[in-house]
1. Can you divide the C-alpha Rg of region 56-113 by 2.2 N^0.38 Å and report the result to two decimal places?
2. Normalising by the residue count of region 2-184, find the relative contact order in percent from Cα pairs under 8 Å and 6+ residues apart.
3. If Lys and Arg each add +1 and Asp and Glu each add -1, what is the summed charge of the other residues whose beta carbon sits under 9 Å from the beta carbon of residue 84?
4. Starting from the Kirkwood Rh over alpha-carbon pairs, what translational D in µm² s⁻¹ does region 139-185 have by Stokes-Einstein at 4 °C and 1.567 mPa s?
5. Give the angle, between 0 and 90 degrees and rounded to the nearest 10, that separates the Cα long axis of helix 113-122 from the longest principal axis of the Cα atoms of the chain.
6. Using a cut-off of 21 Å between alpha-carbon atoms, which lysines can reach residue 14, once sequence neighbours fewer than 8 places away in the same chain are excluded?
7. Can you grab the distance from the C-alpha centre of region 1-27 to the C-alpha centre of region 75-92, Å, no decimals?
8. Write down the Å³ per residue value for the convex hull defined by the alpha carbon atoms of the chain.
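Taken together, the values in this text are just the output of simple stated rules run on the coordinates, not laboratory data. Just so you know, these numbers come straight off a predicted model, no measurement behind them. No Cβ is skipped: glycine too gets one built from the backbone with ideal geometry, and neighbour counts run over all protein chains shown.
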Amino acid sequence: MQQELTNSIISIQKSKTILYPTDTVWGIGCDATNANSVSKIYKIKNRSESKSLVILVSSLHMLQKYVIVTPSLKKLINTIKDPTTIIYNNPKNLASNVIASDNTVAIRIVKDEFCRKLIKRFGKPIVSTSANISNSPTPKSFQEIEPLILESVDYIVNLHRNRINKKSSRIIKLEVDGTIKVIRE
């Protein structure tokens, strides 16, 4: 795992893209604070930049550098067991092209050991968007990833290639008034 962490960090630091296993499905990633790197992912996925991307952070501490975390939100986050992406309002310190037009961003605190170590060592959040061309089915395993994706990324992590993931993360949105709306179960 150490060599894969090192190779991935070097790639991300050089503004390159990676294909990597997450706590849900395989993802295409890059530095979430680098707009040029993020643009590469939109191009790989053939996706409009008007559609935002999911961001991964390693901890609640890191999350607080990019969104406002209230005490009630902190309590909610601490109760989450399954991979859950939360849509936050008014993000800061991220590339503008990861932020949606309504000034929100989708962020998940990862539980996967490789992802957590990668992000912690890199020191900044990374993008995590499913490893497929837009409007194509999300691959459940490495073997289902389209050759075009494999050829387009700069580095492919050599871990967990036999693992099968049944579903993407749950997505909830924090409304301005504090209510929670389930977007995807």
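1. Values: Rg = 11.2 Å, N = 58, 2.2 N^0.38 = 10.3 Å.
For region 56-113, the normalised Cα radius of gyration is 1.09.
2. Numbers: 370 pairs, mean separation 60.6, N = 183.
Reported as a whole number, the value is 33 percent.
3. Numbers: positive: 81, 108, 170; negative: 82.
Net local charge, residue 84 excluded: +2.
4. Working: Rh = 13.6 Å.
Translational D for this selection: 96 µm²/s.
5. The angle comes out near 80 degrees.
6. 40, 43, 45, 117, 120, 124
7. Distance between centres, Cα-based: 23 Å.
8. Spread over its residues, the Cα hull of the chain gives 107 Å³ apiece.
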